[in-house]
Every structure is written in structure tokens, then in C-alpha cells.
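What follows is a set of notes on a single structure, which appears directly below.
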Amino acid sequence: VNLDDKPLHFQLPDGSKVTLFAKSRLSFDHFFGKKNRSVYLSGKAFFEVKKQPNSPFFVYANELVTKVLGTSFVVQAYPNDKQVEVQVKTGKVSVFTQNDPSKAQKLSNRELEGIVLTPNQQITLNRQELRLARALVPEPQLLAQPTPLPAFEFEEAPVSQVLDLIEKAYGINIVYDAELLSSCTLTASLSEESLAQKIKLICQAIDATSETIDAQIVIYSKGCH
């Protein structure tokens, strides 16, 4: 239990690390790491789960279950909040509700089933309606890459090439009509801008609009002449 205003850092018996935020509680039984890796959260915590493919890690938080094999993510589920949130930093997690008809199968299966979230995605559970909504996190971050990606400096670059680079850099999906944008080019420096600013500037340059649907960015354009 963290009754302090400062985050509390500790390690679970399996080597996973937890940051427990203010007014939060995490509990688990004596068999944790032996028979199962299940924890029960009331409040907010950041998890860095040690990878054990044969032993999935479960977070039970109000009406939501989060299942991971080895990744880092945030769960926020205070008792009086109207919603539960899960945000993914690295790796993948799957989420499903406690009343899911196939809950038993999803708990016992070693695979990730249900709604699968990837980095820079979040899920919000409306506790009253038990409705899940997937979206991008408020401020998506650049992902660590095995090899450095090119800089966001463009000189008469095809817009499709710019959008492909952004997709790889943030691990998100951008939907657009490749044929319509085939003659669109961009000259810009976007290294310092956030993801939202990058998309906004690109849309301004090619007279397009965008919206985020189900954690994807959709770009609407009439093309370039």
C-alpha cells in the first residue's frame, strides 16, 4: 500500500518491477511466481514485467483484466473512478473484462487474446456500460529502434515516405489513400515536434485533414496538383 504522495518502487518475487502511485494498493498471494503471476490493483501502477512466456502475468483492476508475457505498461483503476485505463509503453498486452464469456480460455491460454494493445496505445473501460475503447495515448513517444531511423528532415520528399517513417518511429498505423497522395511532397523539419504537431503540419502542407479512430490516424486528402 502506498499512502505517501511519492511513487513507491519495489520488485515482485519473479523479478518484475512495479511503481505504485499515491493512494494505491497492490496485492498477490503466497504462490505468486510459482503457481501463477497474478496481482490485484486498486489505484495506479506502472509495471515492468519480466518475460516468462510459459507464465503469463495478469493484473486484475476493477472490472478489467490485463494479460502480458513481458512488457511495460500503466494501469489506472481507482475504486471511485468511472473508468479504467491501460497504457502500453513497450511490448504488447491483451485486455478483457471480468465478465467476458471466454475469460477462462483467455486466462489459461499462453497466447495474447482479446483486444491486443501495442506501444503508444491505450484502452479505456467505461465501468458503467462495460464498454472498451482503444485510442492513442495522449502524447505518443518515439520507440527505441534496433537501428537508428532517418532524421525528420525532408526536402521535396514524397508524403507517403514521410508517413511511413512516422509509422515506424511511433509504432502506429496511419491510413491514407496512397494513390491520392502520390504527387504530394513535403519540405519541412519535424524533428522537434510531437506526433500531433507532425501530423498537423503535414496536413496543412497538403491541404488535408486527419482524425484518430481506434488508435489509428486517418488522413483525408483530395490529392496534390
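The values are calculated or read from the model by the stated rules, or taken from the named source; none is laboratory data. Source: prediction; values computed, not measured. Cβ coordinates were reconstructed from backbone atoms using ideal geometry, including for glycine residues, and neighbour counts include every protein chain displayed. Accessible surface is based on the protein model in full, side chains and every heavy atom, while ligands, DNA and RNA are left aside. Shrake-Rupley method; radii C 1.70, N 1.55, O 1.52, S 1.80 Å.
The listed residues are 201, 181, and the only one of them that is in contact (Cβ under 8 Å) with a residue 40 or more places away in the chain, farther than 30 Å from residue 80 by Cα and hydrophobic (A, V, I, L, M, F, W, C) turns out to be 181.
Has the range 5-20 got at least one residue that is surrounded by 14 or more Cβ atoms within 10 Å (Cβ to Cβ), in contact with a Gly (Cβ under 8 Å, 6 or more places away or on another chain), of a type in the set (A, V, I, L, M, F, W, C) and under 18 Å from residue 57 (Cβ atoms)? Before the answer, list the steps.
Within the range 5-20, the subset surrounded by 14 or more Cβ atoms within 10 Å (Cβ to Cβ) is 7-8, 12, 14, 16-20.
So of that shortlist, the ones also in contact with a Gly (Cβ under 8 Å, 6 or more places away or on another chain) come out as 12, 14, 20.
Now drop any that are not of a type in the set (A, V, I, L, M, F, W, C), which leaves 12, 20.
Now narrow it down to the ones that are under 18 Å from residue 57 (Cβ atoms): 12, 20.
Yes, the conditions are met somewhere in the range 5-20.
Going through (1) farther than 30 Å from residue 81 by Cβ; (2) at pLDDT below 95; (3) open to solvent by less than 60 Å² (accessible area, probe 1.4 Å) one by one, residue 163 falls short only on (2).
Yes or no: residue 54 in a loop (DSSP other than H, G, I, E, B) and at pLDDT below 90?
Here the answer is yes, as residue 54 does meet what is asked.
If I filter the range 192-210 for residues that are part of a strand (DSSP E or B), on the phi < 0 side of the Ramachandran plot and not acidic (Asp, Glu), do I get at least one hit? Yes, the range 192-210 contains at least one residue that is part of a strand (DSSP E or B), on the phi < 0 side of the Ramachandran plot and not acidic (Asp, Glu).
Selection of the range 29-43 for residues being modelled with pLDDT of 95 or more, touching a Pro at 6+ places or on another chain (Cβ under 9 Å) and open to solvent by 20 Å² or more (accessible area, probe 1.4 Å) yields only 42.
I'd like the residue in the range 191-209 that is farther than 14 Å from residue 140 by Cβ, in contact with a Phe, Trp or Tyr (Cβ under 7 Å, 6 or more places away or on another chain) and open to solvent by less than 60 Å² (accessible area, probe 1.4 Å) and, out of all such residues, is modelled with the highest pLDDT.
Of everything passing the filter in the range 191-209, 208 is modelled with the highest pLDDT.
Here is a check on your reading of the model: is residue 148 farther than 30 Å from residue 84 by Cα, out of contact with any His (no Cβ under 9 Å at 6 or more places or on another chain) and not in a strand (DSSP E or B)? Against the criterion (farther than 30 Å from residue 84 by Cα, out of contact with any His (no Cβ under 9 Å at 6 or more places or on another chain) and not in a strand (DSSP E or B)), residue 148 qualifies. Can you confirm whether residue 34 is within 27 Å of residue 105 (Cβ to Cβ), among the charged types (D, E, K, R) and either touching a strand residue (DSSP E or B) at 6+ places or on another chain (Cβ under 7 Å) or assigned to a strand (DSSP E or B) (or both)? When the stated conditions are applied, residue 34 does not pass them. Taking the criterion of being free of Cβ contacts under 8 Å to residues at least 40 places away in the same chain and over 30 Å from residue 17 (Cα atoms), would at least one residue in the range 103-126 satisfy it? There is no residue in the range 103-126 that is free of Cβ contacts under 8 Å to residues at least 40 places away in the same chain and over 30 Å from residue 17 (Cα atoms). Highlighted here are the strands (runs of 3 or more DSSP E) found entirely within the range 61-138 that include at least 3 residues which are open to solvent by 20 Å² or more (accessible area, probe 1.4 Å) and at pLDDT 90 or above: 83-90, 121-126, 131-136.
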